[in-house]
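Each remark here refers to the structure printed beneath this line.
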Amino acid sequence: MRSFADSDGDGVGDIGGLRSRLPYLADLGVDAVWITPWYPSPMADGGYDVADYCEIDPRFGTLADADVLLAEAHALGIRVITDLVANHTSEQHPWFVAALAAGPGSPERARYFFRDGRAGGDEPPNDWISAFGGRAWTRVREPDGSPGQWYLHQFAPQQPDLDWDHPGVREDFDAILRFWFDRGIDGIRVDAAPAMAKAPGLPDAGHGPGAAFESRTWVGNPHWDVDGVHDILRRWRRIGDSYPGDRVFVTEAVVNGPERLSRYVRPDEMHTTFNFDYLTAPWDAGALRRVIDGTLAALAPVGAPATWVLSSHDETRHVTRFGRASTGAAFGGAALPASTTDPVLGLRRARAAALLTLALPGGAYVYQGEELGLPEVEDLPEDALQDPTWERSGHTVRGRDGCRVPLPWDGDRPPFGFTDAGVAPWLPQPAGWAASTVAAQLGDPGSTLALYRTALSLRRSLPRLADAPLTWLDGGPDVLAFDRGTALRCVVNLSAEPVDVTGHGSVLLASGPVPGRLPPDTAAWFRVDGG
């Protein structure tokens, strides 16, 4: 929300800004919006450090503003999903403040993971590491001023982990879920779901010095993807199912492969989950097909729909990474091999990837600004960086701020309609974004915005597409070609040469010109005979 639209002139996006742009989202063709945390927060991690789960941060608005947003979105046929950060709270949450004040052995500390250190108290209780770099433990000063226990934080030190074996934690979050469902929220996106359960006794994980937080490779890790998390998710699903209408749960679960991921979307757990294998896949036909096939095969036995996503608030924007020599992504802003970016190539591939993604069966997520073809902002001044990864890495990893720069709406100079003229957005925008604004693209039928609007419209209107199976066609080693029943044929050329597309039918939509043959890094949708 902070980067979408600002209504009160303070340089930070807010509920009023989102409300003002709901017609734009309706015209774009989305079914729902996912709002990142809007709760009161010290903003140590962009709002993912929550100080009160049943209020709105004053920077964003009020509960009354949220109620109006829900009503206006629903009137336009748009559902609203909000983030729930349940693995950890802010260090300023009343629960944690009370835990610090109460001292060792107190009931207040039992809500979190407070432990005595090793080596006489001077070393952390185990070898667990933080997703933001460094160890996952911080030592506290006890109420008498002496060095004391350590507390666990799998993210920043300002984000202490909750102990989900504590019955009070479970009961309080039951009430939090009901609070938002009672207000009309349509769904919950569960942040960092695999972090919520820990192995009994908190054993060492075997992390060596300087180990990276690479949860997609872990097997049997004691602080990530522990089976106990599924009891929590089933409990929440029962609460959601107790409400009339459809209340949807979406998980963020960065785990080791599609089979582990499928466990989060079993029939009595979450409805869908983000597909990070697809998000991080390189621009390579073989790699993409393996991810697509693996996803569909893993989800079929549990009856869950697939989801597809190209960018997020945690990743380098795909326009930029697809223009590099190394086109894959490292989750959470981690560093990849340095290389220059070809922005023209990156945008061409990103447009083709959009048609590939929107042709696949299941749900698709569009990250704000993706529909404008926005690149990563890689030259933010160091003093503007706010991602905790920057500090935790000793200023070696710039983090995720480059994909979070506020959107350009109109005008020829910053702030491009994001906030009032003369006001600096919370992250600086590039001066060269005038051609990328919504206003500049609305009148251009060849713009990336026009491509997304047309693709989303066709995706909704093509007969029989929603339930149509995917059937692969033989297009060659560097071409992805498939039918979606008789509704649509998608062909994506990831090779270095044009490919013949005669016999595929009439072109419905293409990511670039198709002068008889499909050019490299271009995708096209065709009308299937009889469709």
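The values are calculated or read from the model by the stated rules, or taken from the named source; none is laboratory data. In this text the structure is predicted, and so the values were computed from the model without any measurement. Glycine also receives a Cβ, built like all others from the backbone with ideal geometry; neighbour counts cover every protein chain displayed. Accessible surface is based on the protein model in full, side chains and every heavy atom, while ligands, DNA and RNA are left aside. Shrake-Rupley method; radii C 1.70, N 1.55, O 1.52, S 1.80 Å.
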Could you count how many residues in the stretch 4-20 are over 14 Å from Phe416 (Cα atoms) and assigned to a loop (DSSP other than H, G, I, E, B)? 3
Cβ contacts < 6 Å: first residue at negative phi, restricted to the stretch 81-99; second residue assigned to a helix (DSSP H, G or I), any location; separation 6+ or different chain. Result? Ala86/Phe173; Asn87/Ala195; Thr89/Phe96; Trp95/Arg111; Ala98/Glu108; Ala99/Glu108; Ala99/Arg109
Tell me which residues, restricted to the stretch 418-444, are at pLDDT 95 or above, open to solvent by 30 Å² or more (accessible area, probe 1.4 Å) and in a loop (DSSP other than H, G, I, E, B). Asp420, Ala421, Gly422, Val423, Ala424, Trp426, Pro428, Pro430, Ala431, Gly432, Asp444
Residues in the stretch 43-72 that are surrounded by 15 or more Cβ atoms within 10 Å (Cβ to Cβ) and either closer than 26 Å to Ser130 by Cβ or in contact with an Asp or Glu (Cβ under 9 Å, 6 or more places away or on another chain) (or both) total 18
Any idea which residue in the stretch 263-272 is nearest to Asp241 (Cα to Cα), counting only those that are under 19 Å from the mean Cα position of the chain (by Cα) and open to solvent by less than 10 Å² (accessible area, probe 1.4 Å)? Met270
Cβ pairs under 7 Å, 6+ apart or interchain, first in the stretch 494-517 and farther than 18 Å from Leu458 by Cβ, second of a type in the set (S, T, N, Q), ordered by first then second residue, are Val499/Asn493
Across the stretch 339-393, what is the number of residues that are open to solvent by 20 Å² or more (accessible area, probe 1.4 Å) and assigned to a loop (DSSP other than H, G, I, E, B)? 17
Among strands (runs of 3 or more DSSP E) entirely within the stretch 488-527, at least 1 residues that are hydrophobic (A, V, I, L, M, F, W, C), touching a Cys at 6+ places or on another chain (Cβ under 8 Å) and buried (at least 24 other Cβ atoms within 10 Å of the Cβ) occur in 522-526
Residue that is open to solvent by 40 Å² or more (accessible area, probe 1.4 Å), free of Cβ contacts under 8 Å to residues at least 60 places away in the same chain and farther than 24 Å from Phe526 by Cα, where the choices are Ala298, Ala325: Ala325
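Condition check ((1) within 23 Å of the chain's Cα centre (by Cα); (2) open to solvent by 50 Å² or more (accessible area, probe 1.4 Å)) across all residues:
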{"site": "Ala199", "(1), (2)": "no, no"}
{"site": "Pro203", "(1), (2)": "no, yes"}
{"site": "Asp227", "(1), (2)": "yes, yes"}
{"site": "His230", "(1), (2)": "yes, no"}
{"site": "Arg238", "(1), (2)": "no, yes"}
Give the number of residues within the stretch 200-243 that are farther than 22 Å from Asn275 by Cβ and in a loop (DSSP other than H, G, I, E, B). 18
Which ones in the stretch 39-94 are in a strand (DSSP E or B), among the charged types (D, E, K, R) and touching a Phe, Trp or Tyr at 6+ places or on another chain (Cβ under 9 Å)? Asp83
